[in-house]
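Okay, so here's the structure we're looking at.
The values are calculated or read from the model by the stated rules, or taken from the named source; none is laboratory data. Since this is a predicted model, take the numbers as computed values, not measurements. We place every Cβ from the backbone using ideal geometry, glycine too, and count neighbours over all the protein chains shown.
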Amino acid sequence: MNNENFTSLDEFDMNELSDEDLAVLHAFEAMNQWPTRQPQAKTDDQNQLSRKSQTSSPHDDEEMLLIFTAEAEEGITSIRQILNQLEHYKVEDLSRFITLKRAGHKLHGTAGAVGFPLISITASQIEILAEEVLHGTISPLNGIQAISAATTALEYCLHTMTSEGKEPETTSLLAELEATYRSVDIDLQQLEQKRTEADKIDLKTEEILQKKFKREPAPKNQHRQESVTREEETVAIHISPEDLSQGTSSIRSMPSTRVDTRRFEHLIVRTEKLVEQRAIVEEAQAQIECALQELYIAQARMKHLEPLIAKLQKGENVALSLPESLPASSLVARILHESAPIDRQRPLQKKVNHVLSTLQPPSSGYANAKLYDTLKADWDELEIDRYNEQDMLQHILKDAIADLAITTANVQSAFTRFSIIQQDYLAGITHVHRDTLLLHQAPFKSLVPRLERVVMMSAPGQARQIRFEVMGEDTEIDQDILDALAKPLVQLLRTCLTDPAILEEVRSDTPLKQESPQPRIWLKITNHGNRLLFEIGFSMPIQGGAIETIRQPIQQLHGTISLQRNSIGGISFFFRIPHPHSSVFCLLVRAGDQHLLIPFSQIEHIGDEQREHADLHYSLQELLGFPKGITTSHIFSSMAPLVMLASEDGTMKEETIGISVDEVLGEQECIVKPLPPYLQRPGIAGTTIDGKGRILLMIDLFALIRSAPQYTLSQQTNDNPLPQPHRASILVTDDSAALRHSLVQTLQHASYTVLEARDGVEALEKLQQQKPDICLLDVEMPNLNGYDVLELMATDPEMAKTKVIMLTSRSTVKHMQHALSLGASAYLTKPCSQDDLFQTIERALKKSIT
Amino acid sequence: MNDDSHIENKQDFTQIQFLEQLSEQEFWDYARSQAAEEARPQATHEEYLECITDQGHYLFALRMLSEVVPPPHKLTLLPLCPTWMLGITAWRGHIIPVVDLASYFTSYEKNETDTMHTQSYAYPRSSSTVLILDDGNTLLGIQVAAVGSIIDLEQAQLVSPEQAPSWYPQRLLTTLLGVYNEALVLNLQVLILEMMQHIKVSAAYE
């Protein structure tokens, strides 16, 4: 490696240099210290890592060179193919320049890192040229010519490198290239100067930031706030006029709701029925009042008799009359009242005769008939003298008791009728409430045409037909949520489909003589109780950067984002969004002494523990972490109900999951409300209040299982129970195979356990499964870029434990700040010296331990 | 003199500890409430409700009491909550947490406020009373064994919080306004904030 032409950084006036110049110079200076290429005796005995790295064999270097050559060849071929397409077919298709820019950037970073400056500089020029074409500074035609010349230079470099083992002479080739650029009116130096002015690095600020960052990283909260601000900017930049003119306008203007006419008419019919029912309710209420009045009178009579009995017991004369204040509704009361003026010397005979003549069974109902029979049976005219006031009082008492029994029965009957009518009325109110909520909902399909347009208008969509499928489009969604979802969904599709080269990658992955499969994008919506699940799946690789644009709007909806590789090898994004104030059919169960609700949408069937087999078996009470108090499950363990879970996303399940509960109490339809933020807990989807004024928690079983770490721990099989000495594990995430290989070798020689990931999705998979101590993360990657990975790591406490060191060719302060704000622990620019790399890793490891 | 400065330092330290635990929003709410407190002409006397727990007597400022709810209480357990939180209940359309005052102070004594899955759970008592507290921003239910009489107290009648009984956790002196006749006069603003903070972050410890 010939580095004599390059002087130390100290001899330059830094302010006169562009950021790219500085990056290159840093790279060369770093390469001087790179032991594998320029071995030198280490004086620092303590730097064991560096010493170990010197042990890399010539065989390793050759292998790395082979990998780099293959990768560079692939990159240059890709650039050449795009140039050919642009020259012959679609010169106006600017989206191709994005691919050129990306290819230039990748080659620039990789070549710089492995120590080929000429390839790195030339590739960097391709990146600049492509970017300027996209900005409109250079015409596409001139841009193509300039990039074509640069590509020829790259091809020449690669050829020389493979045949002679080194790059050609630097100065003359670069001078020739500059002359070619000038022939098509491109002044590269001027362009670089402009770029420097536009995105000028304040070196002092950078140094301060670097120092501050290395010594004391900013608090997490501060990072978050900066992240939010930055994200707002990003979102603002991506808002297109189409967005402004379409769905979002309804959010910004006066709150309004689009109403389905049929639903509105249905609601009117319901309310009319309610109005009709009002009269029936009022009538039933009047009947209760009437019956109650009778009851009060009967009670008053009983009360009046009490002092009379007391007087009689004392031998005093009793006047068998009722107070005038009592109403004449009681038959016996009326009789007594009318008979009051009768001569008191023969009172009983006259009274009884009068009573008998008045009571005409069975015309006067049960009470009168009973009284008649009693009087008739007891009455013997020959024994009339034996009857006295006491006997009469006894009869009156019997009469009063009978009267009370009848009126009580009347009240009960009226109340039962009222209860039935009231239940109907309340059911009607519930229906009206549900219908009113439905008015505010709209099927998801109202959004589908807009999304279809985005797919069709995208660069890959124009280049080749993409199949766009929507499943569950009839799912009813609150219009506010639908409006708020429109923008992130559009942003997601736009970002993922920015690069037309993704289709090239599909073709290249397809075996020869086989037609590449038609690219597919699918959107699947499922309603899980009061939670909506959206899957946005891609069958092909996608452009990274989507998470950044959608995180904030999804968080505003209190939703979560996750992603995974789908069954056909592509990427699927999952949004889980709560759907509050929705009516949910639930199973009411008991766990311990708690009554809980489980949405039927999460249940496949209910069995019992004896007959059902579940691959994974949980106890609801233990999942919730409730104290083991009153439970009957241990008494009838074989009969304990087992709630078998349905698949979360509607697909075939790999494992069956059973949740044991103490008792199934029934089913219930309820309106679920969310808990206040400070009471929200994972696995608790919302609450409802039952008829007894008690709060019932609605459980989201999937979320509850996910949030129960003690279970996942207990299920892990312990294949290696012997304690092993801990070697720090490092995940190297870079889409460049050469760079990955180089890093893996270096780190393995330094006794680290090394894992590799080719892109952001693979990195996330490894982070979840292997939980490395450190992650070396590139920014520019397909599927998920480095920022996306950082964003998703921050949402998962387990992944967040891994310290992230950014290792990227993006050298500006802007990128560094952004990465730090998203939670990165350190930021290194490619190429970096081994010493810097190891020192940063050790610092991050110490931080991780403390 | 040395003792006084030691006590002052200790108080400052607990105050700082308390402030550090607050979120930004809670910090500013607290600051506003303190500012309002200072701006308001200092009342010379205030009415307090005497409440009884197993540990001793407490005095609650009547102006912050919304209701004294007699038993029975309909409480629902919530996962990942501090051991001294009895559950949640519905009160006038609001869902509010209910805590056991005695357990709260006991857990502090045992230094286990942050351990949410210890065995010593507080249980609702069938004969207990729940006080609904409202600090203007938050509603909180507090379970006490019984309530006593209403006492009208002059500010001057209170003695310094440092005179609190020995069982009272020293770290919680900020939750006291003072002591009157061995009854602890609680600073409800601070107490509510402290409790809510614990309830909020308890899920995050998992």
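Could you please let me know if A:Thr151 is more than 30 Å from A:Ile67 (Cβ to Cβ) and of a type outside the set (Lys, Arg)?
no
If you take just the helices (runs of 4 or more DSSP H) that sit entirely in the range A:667-778, which of them hold at least 2 residues that are within 30 Å of A:Arg565 (Cβ to Cβ) and at pLDDT 85 or above?
A:701-706, A:737-749, A:760-770
Go through the range A:663-687 and give me each residue that's more than 8 Å from chain B (Cβ to nearest Cβ), surrounded by fewer than 21 Cβ atoms within 10 Å (Cβ to Cβ) and farther than 18 Å from A:Arg576 by Cα.
Correct list: A:Glu663, A:Val664, A:Leu665, A:Gly666, A:Glu667, A:Gln668, A:Glu669, A:Ile671.
Go through the range A:453-482 residue by residue and tally those that are outside any loop (DSSP other than H, G, I, E, B) and more than 17 Å from the chain's Cα centre (by Cα).
Number of matching residues: 17.
Quick grid of which residues meet (1) under 25 Å from A:Leu497 (Cβ atoms); (2) touching a Phe, Trp or Tyr at 6+ places or on another chain (Cβ under 9 Å):
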site	(1), (2)
A:Asp734	yes, no
A:Ser742	no, yes
A:Leu767	no, no
A:Leu777	yes, no
A:Leu790	yes, no
A:Lys803	no, no
A:Ser821	no, no
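If the Cβ limit is 6 Å and pairs must be 6+ apart or interchain, which residue in the range A:812-838 that is over 17 Å from A:Thr802 (Cα atoms) pairs with which residue that is among the aromatic types (Phe, Trp, Tyr)?
Partner pairs satisfying both residue conditions: A:Met816/A:Tyr827.
Yes or no, residue by residue, for (1) among the basic types (Lys, Arg); (2) at pLDDT below 85; (3) surrounded by fewer than 17 Cβ atoms within 10 Å (Cβ to Cβ):
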residue	(1), (2), (3)
A:Trp522	no, no, no
A:Gly545	no, yes, no
A:Ile554	no, no, no
A:Leu557	no, yes, no
A:Gln564	no, yes, yes
A:Ile577	no, no, no
A:Pro580	no, yes, yes
A:Val589	no, no, no
A:Pro599	no, no, no
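Please work out which residue is surrounded by the fewest Cβ atoms within 10 Å (Cβ to Cβ), limiting yourself to the range A:688-702 and to residues that are β-branched (Val, Ile, Thr) and at the interface with chain B (Cβ under 7 Å from one of its Cβ atoms).
Applying the filter and picking the extreme gives A:Ile689.
On the given criteria, is A:Ala123 closer than 20 Å to A:Asp734 by Cα, at pLDDT 80 or above and touching a His at 6+ places or on another chain (Cβ under 7 Å)?
So A:Ala123 fits the description; yes.
Checking A:Arg843 against (1) of a type outside the set (Ser, Thr, Tyr); (2) at pLDDT 85 or above; (3) assigned to a loop (DSSP other than H, G, I, E, B); (4) surrounded by fewer than 18 Cβ atoms within 10 Å (Cβ to Cβ), which single condition isn't satisfied?
A:Arg843 satisfies every listed condition except (3).
What are the pairs, 6+ residues apart or on separate chains, where a residue within the range A:658-678 that is closer than 17 Å to A:Glu609 by Cα has its Cβ under 6 Å from a residue that is assigned to a strand (DSSP E or B) and hydroxyl-bearing (Ser, Thr, Tyr)?
A:Ile659/A:Tyr618; A:Ser660/A:Ser619
Within the range A:459-467, is even one residue surrounded by 15 or more Cβ atoms within 10 Å (Cβ to Cβ) and closer than 22 Å to A:Val259 by Cα?
no
For the range A:823-839, give me the residue count where each residue is part of a helix (DSSP H, G or I) and within 18 Å of A:Arg740 (Cβ to Cβ).
Summing the residues that are part of a helix (DSSP H, G or I) and within 18 Å of A:Arg740 (Cβ to Cβ) in the range A:823-839 gives 3.
Out of the range A:598-617, which residues are among the small types (Gly, Ala, Ser) and in contact (Cβ under 8 Å) with a residue 60 or more places away in the chain?
Scanning the range A:598-617 gives a single hit, A:Ser601.
Yes/no per residue for (1) under 21 Å from B:Gln15 (Cβ atoms); (2) in contact with a helix residue (DSSP H, G or I) (Cβ under 7 Å, 6 or more places away or on another chain):
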site	(1), (2)
B:Gln155	yes, no
B:Pro169	yes, yes
B:Thr174	yes, yes
B:Asn181	no, no
B:Leu184	yes, no
B:Asn187	yes, yes
B:Glu194	yes, yes
B:His198	yes, no
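Please count how many residues of the range A:779-802 are assigned to a helix (DSSP H, G or I) and of a type in the set (S, T, N, Q).
1
Of the residues A:Ala427, A:Ala486, which is assigned to a helix (DSSP H, G or I) and crowded, with 17+ Cβ neighbours inside 10 Å?
Exactly one residue qualifies, and that residue is A:Ala486.
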